[in-house]
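First comes the structure, then the notes that go with it.
FYI, it's all coordinate maths here, none of it is from the lab. Just so you know, these numbers come straight off a predicted model, no measurement behind them. Don't worry about glycine lacking a Cβ; one is built from the backbone with ideal geometry, like all the others, and counts go over all protein chains shown.
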Amino acid sequence: MIEQRDTAEARILILGRAWCHLCHEMEAAVAPIAAEFGVTIGTIDVDHHPELEAKWDEWVPVLLCDGEYVCHYHLDEARLRAHLAAFPVHSAG
């Protein structure tokens, strides 16, 4: 369910709406890929952020990775995987 989730450490960000079935599908499709790459997913309900609603209103769900646009409406798995592979997570230890 799309609701505000911590976005501070999230590499993957889904902009969506609580009532949007495509948003729920996007979140479910992204979850196993995020787990595979060891990254977190953040979600923002654009209906609670006028600036985001103004920019992305008709495009939700929108998937951003590291602040860069990846896709909207449906997951572009190849593009997300390519981005995550090009910019891997490095541990601090």
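Assorted remarks:
- Degrees separating the helix 21-37 axis from the principal Cα axis of the chain, which is the longest one: 10 degrees
- Correct option for semi-axes √(5λ) of the Cα gyration tensor in Å [calculated from the coordinates] among [x] 45, 9, 7; [y] 46, 24, 13; [z] 22, 14, 12: [z]
- Simple rule: put +1 on each Lys or Arg Cβ and -1 on each Asp or Glu Cβ in the chain, find the dipole, and look at Tyr73, Leu63, Ala35; the Cα lying farthest toward the positive end is Ala35.
- Taking the Cα centre of the chain as reference, the dipole from Cβ charges on Lys and Arg (+1) and Asp and Glu (-1) amounts to some 280 debye.
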